1. Is it the case that some residue within the range 156-164 is modelled with pLDDT under 85, within 24 Å of residue 64 (Cβ to Cβ), in a helix (DSSP H, G or I) and within 18 Å of the chain's Cα centre (by Cα)?
2. May I ask you to verify whether residue 57 is outside the structural domain of residue 177 (by TED's automatic domain parsing) and modelled with pLDDT under 95?
3. Do we have residue 16 as in a loop (DSSP other than H, G, I, E, B), free of Cβ contacts under 8 Å to residues at least 12 places away in the same chain and either under 27 Å from residue 155 (Cα atoms) or touching a strand residue (DSSP E or B) at 6+ places or on another chain (Cβ under 6 Å) (or both) here?
4. Let me spell it out: the conditions are (1) at pLDDT below 90; (2) surrounded by 13 or more Cβ atoms within 10 Å (Cβ to Cβ), and residue 97 meets all of them except one. Which number is the exception?
Amino acid sequence: MLPGLDEIKMRRKQLGLTQSDLAAKTNVSQSLIAKVESKNLVPSYDKAKRLLDFLDSMHDKTRLKASEVMSGKVFSITPEKTVKEAVKMMKKNAVSQLPVIKDGRAVGTISEKAILEELHSEEEARDLGKLKIEEIMKEAMPVINEDAPFDLISSLLEYSPGALVGRKGKIRGIITKADLLNVMLSKGSKGAK
């Protein structure tokens, strides 16, 4: 049995989708969605089912856990290392940021963005490459549990470049915005078939 048509608008908004987004994903016209949501039209069973099935599949994606999204390979650096060492490590591992770890705890984040900001804000002539990470690092990425839900992760990544995934006090993985996009694209392509 299908849920009520009133749920289409509510679920769409919960998922952060516009009517146009929903139309593009379901091959249902945006004007039909607008009429259904304003209660000016009762859609055919097929169209209602298509809309609700898609919204259900998107909701299922939000049930993913951090352990299913994370990359188990965490490239990190210690605060006493130099910016030059951080840049080399980022380049070698094709990452744009590194968690700064001291005694097993996240104490900061060094990123390409932070380095470039420092480069542009330099008033005195000093060798940026010789600066210690701790001198220019930004706030540490949040550490979340392995069973943290997808919606919490995506909310955190609106404000942070990444999130570290921990278990029993140890860092086990990292989730970046790129990881979330990869999950969304892979799930979206499976659901579209």
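The values are calculated or read from the model by the stated rules, or taken from the named source; none is laboratory data. Nothing here was measured: the structure is a model prediction, and the numbers come from that model. Glycine also receives a Cβ, built like all others from the backbone with ideal geometry; neighbour counts cover every protein chain displayed.
1. No, the conditions are met nowhere in the range 156-164.
2. Considered against the rule, which asks whether it is outside the structural domain of residue 177 (by TED's automatic domain parsing) and modelled with pLDDT under 95, residue 57 comes out as yes.
3. yes
4. Unmet condition: (1).
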